[in-house]
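A short write-up of the structure that comes next.
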Amino acid sequence: MGTFKLDDREIAFEPGDTIIRAAHRVGIDIPHYCWHPGLSVAANCRMCLVEILPPPGRPAMALAVLQWDPEKGEYVDQKKPKLQPACQMTVTEGLEVRSASSPHVERARAAVQEMLLLNHPVDCPICDQAGECRLQDYWLEHQATAKRMRDEPVHKPKAVVFGPTIVYDAERCIVCTRCVRFTAEVAKDPVLNVRQRGNLNEITVAPGRQLDNKYTLMTEYVCPVGALTASDFRFKARVWFLRSARTVCQGCATGCNAFLDYDPRQGKVYRHRPRENHAVNKYWMCDDGMLDYRRVEAGRVLHAAIDKETATLGAALDRAAKALQGVDPDRLAVVLSAQHSNEDNFALLKLARDVLGVGNVFLGGKPDGEGDDILRHPDKNPNTRGVTALCTTAPPRSMQDLAASVTMTEFTAVLALGSETRDLADASALGRLKTQVVLATHDGPLSRSATVLLPASSWAESDGTFVNAKGIAQESEQAIGTLGDSRPAWKLIAGLAARLGHDFGWRKLADVRKAMSPEAGAALVEATAHAGATP
Ligand code: SF4
Ligand code: SF4
Ligand code: FES
């Protein structure tokens, strides 16, 4: 690995690195709009210009320019170093680069910034990007002067509907083409392009098409300004009121790393956006995952029920314990959930084996769906691998097996985590059982037929570990407090165990993690990848 100097700091680089990529790797930010580490180089915004010092004994590349002389009151001939875009310039051994320390670079950045804002509407008070907009940040860092242009700015189309999820404002667009490159290079649906020239140019959708694929929301996310907004988030919240939890997407077995943005004042979740992890999702998420945050509130089971009548949590736990106590362990089926964390599933396994003496363990979860070769996995559950790894003695049996056994009257009762059964036919078989104790987060076939229903919290309301399809164990962080009467499933299970005469001694999640056997832990943690912020 070679080195070069950036503002007198020695920086290591890998073969083929551009200046900006090498700097980015060591955490130095060279201001940029059009560059994105996951996309090809366009080098069109010129915000990343840097000064390259000539090798000793060689003259610097210089440009002839006209510069305003305030004393003479006229423009005079001058020379200035020819600056280079750091996003395009490949690093070579011993290169000396000046970025923040060059007055020429600072002047160029201020000029680029002023040019980008010449025709900008500066409608920050009503713009969804305000608070996380690069035009705002870089204006403050690199320009910080009032607008000099007194002419009417060029007006362009506003609120253009690009498709079901995205709205475009051409006046705010700096034509960096990140969205164009994303749709072509990552989403493989080259439906966006630039039309016109100069200050009339704008982004447009191909004639007869819409921006409508499985990755449309990423175009809004890569847009460095407020030109692309998501219909889902538009005008809903101001970002400076939001906090972010580092979560794992629950939409499929890829387990994309995400930020779940929520308003702590109301305990309300507003959006899901990608968190960089090169081993899992790089910089991206799919639309299903980005919109999956809605399930924190949508279709939730928030109160306990006994025989379909709302009940207090205490009464439902009492009834569940009483119902389970009387069941022959050989006739009780326990259903784990690929929708729930390792900790929740471990708690249920422990209750089943150590307290109830049950060996009939099955695995429930959402049915398979569509996948692709970008991110989306056909297994629509975030933790199939984790649950399977927890079952160290024998793998859990399928829900079809359970349905067949119920039909053969092998079982009289079921204790299930989650309300999904992969297949509706399985659910109707289970619905015939006399005792159905279900711990559910969302409304589903099992929660609807439960004789005792216990409300379990969602992934947003508790910490948890999920193992993705590649076998990478990842932690998801709690964002908000528990909704309704719900409690984390491991807590409900500890409550059930206590009523059955076994104190697990779990007061917090760390106690559950401590109790998880070292073998189960080792089976789960095959790798934990670096996760950080997306540029
Ligand atoms: S809409 Fe956004 S991402 Fe697309 S070119 Fe304009 S500024 Fe860039
Ligand atoms: S690919 Fe799967 S894990 Fe990733 S964002 Fe989409 S649904 Fe979520
Ligand atoms: S980031 Fe280099 S030219 Fe835009």
Residues that are within 13 Å of ligand 2 (Cβ to nearest atom) and at positive phi, drawn from the range 245-275:
G255
For D292, only one of the following conditions fails: (1) under 21 Å from the mean Cα position of the chain (by Cα); (2) under 26 Å from F362 (Cβ atoms); (3) not in a helix (DSSP H, G or I). What is its number?
(3)
Every residue in the range 225-236 that is crowded, with 18+ Cβ neighbours inside 10 Å and over 21 Å from C256 (Cβ atoms), please.
V225, G226, A227, T229
By residue number, the members of the range 148-175 that are among the charged types (D, E, K, R) and either exposed (fewer than 12 other Cβ atoms within 10 Å of the Cβ) or within 16 Å of ligand 3 (Cβ to nearest atom) (or both) are R148, R150, D151, E152
From the options V406, V387, residue that is out of contact with any strand residue (DSSP E or B) (no Cβ under 7 Å at 6 or more places or on another chain), among the hydrophobic types (A, V, I, L, M, F, W, C), touching a residue at least 24 places away in the same chain (Cβ under 8 Å) and buried (at least 20 other Cβ atoms within 10 Å of the Cβ)
V406
Whether any residue in the range 84-94 is in a loop (DSSP other than H, G, I, E, B), over 15 Å from I30 (Cβ atoms), within 16 Å of ligand 3 (Cβ to nearest atom) and out of contact with any Lys or Arg (no Cβ under 7 Å at 6 or more places or on another chain) is what I want to check.
no
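Being of a type in the set (D, E, K, R) and at pLDDT below 95 narrows it down to one residue among D137, D151, D169; which is it?
D151
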Restricting the range 45-61 to residues that are of a type in the set (A, V, I, L, M) and in contact (Cβ under 8 Å) with a residue 60 or more places away in the chain, which is farthest from I19 (Cα to Cα)?
M47
Of the residues in the range 104-147, those that are hydroxyl-bearing (S, T, Y) and surrounded by fewer than 17 Cβ atoms within 10 Å (Cβ to Cβ) come to T145
Flag if E220 is of a type in the set (D, E) and either surrounded by fewer than 24 Cβ atoms within 10 Å (Cβ to Cβ) or in contact with a Cys (Cβ under 6 Å, 6 or more places away or on another chain) (or both)
no
Closer than 29 Å to G464 by Cα, away from ligand 3 (no atom under 16 Å from the Cβ) and either over 19 Å from the mean Cα position of the chain (by Cα) or not hydrophobic (A, V, I, L, M, F, W, C) (or both), is that true of T219?
no
Within the range 174-190, track down each residue that is β-branched (V, I, T) and either within 16 Å of ligand 2 (Cβ to nearest atom) or under 24 Å from the mean Cα position of the chain (by Cα) (or both).
T177, V180, T183, V186
Residue under question is G386, and the condition is that it be modelled with pLDDT of 95 or more and touching an Asp or Glu at 6+ places or on another chain (Cβ under 9 Å); does it hold?
no
Check on S40, more than 23 Å from K5 (Cβ to Cβ), small (G, A, S) and either out of contact with any helix residue (DSSP H, G or I) (no Cβ under 7 Å at 6 or more places or on another chain) or modelled with pLDDT of 95 or more (or both):
yes
Within the range 188-199, can one find any residue that is in contact with a Lys or Arg (Cβ under 6 Å, 6 or more places away or on another chain), assigned to a helix (DSSP H, G or I) and on the phi < 0 side of the Ramachandran plot?
no
In the range 147-180, residue nearest to C34 (Cα to Cα) [restricted to those that are of a type in the set (K, R) and away from ligand 1 (no atom under 13 Å from the Cβ)]
K147
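Here's the yes/no breakdown for (1) part of a helix (DSSP H, G or I); (2) in contact with a helix residue (DSSP H, G or I) (Cβ under 6 Å, 6 or more places away or on another chain):
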residue: L66; (1), (2): no, no
residue: E71; (1), (2): no, no
residue: A100; (1), (2): no, no
residue: P121; (1), (2): no, no
residue: G131; (1), (2): no, yes
residue: D137; (1), (2): yes, no
residue: H142; (1), (2): yes, yes
residue: T145; (1), (2): no, no
residue: P153; (1), (2): no, no
Out of A22, A62, report the one residue that is modelled with pLDDT under 95 and more than 16 Å from ligand 2 (Cβ to nearest atom).
A62
Filter the range 163-173 down to residues that are more than 16 Å from ligand 2 (Cβ to nearest atom) and assigned to a loop (DSSP other than H, G, I, E, B) and give me whichever is farthest from the chain's Cα centre (by Cα).
E171
Do any residues in the range 248-273 that are basic (K, R) have Cβ atoms under 8 Å from those of residues that are assigned to a strand (DSSP E or B) and away from ligand 2 (no atom under 16 Å from the Cβ), where the two are at least six apart or on different chains, and which pairs are they?
K268/Y262
In the range 383-406, the residues that are closer than 15 Å to H340 by Cα and of a type in the set (D, E, K, R)
R385
Residue list for the range 451-486, filter: closer than 17 Å to R243 by Cβ and in contact with a Lys or Arg (Cβ under 6 Å, 6 or more places away or on another chain)
E477
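The values are calculated or read from the model by the stated rules, or taken from the named source; none is laboratory data. Computed from a predicted model, the values in this text were never measured in an experiment. Note: ideal-geometry Cβ built from the backbone for every residue, glycine included; neighbour counts use all protein chains shown.
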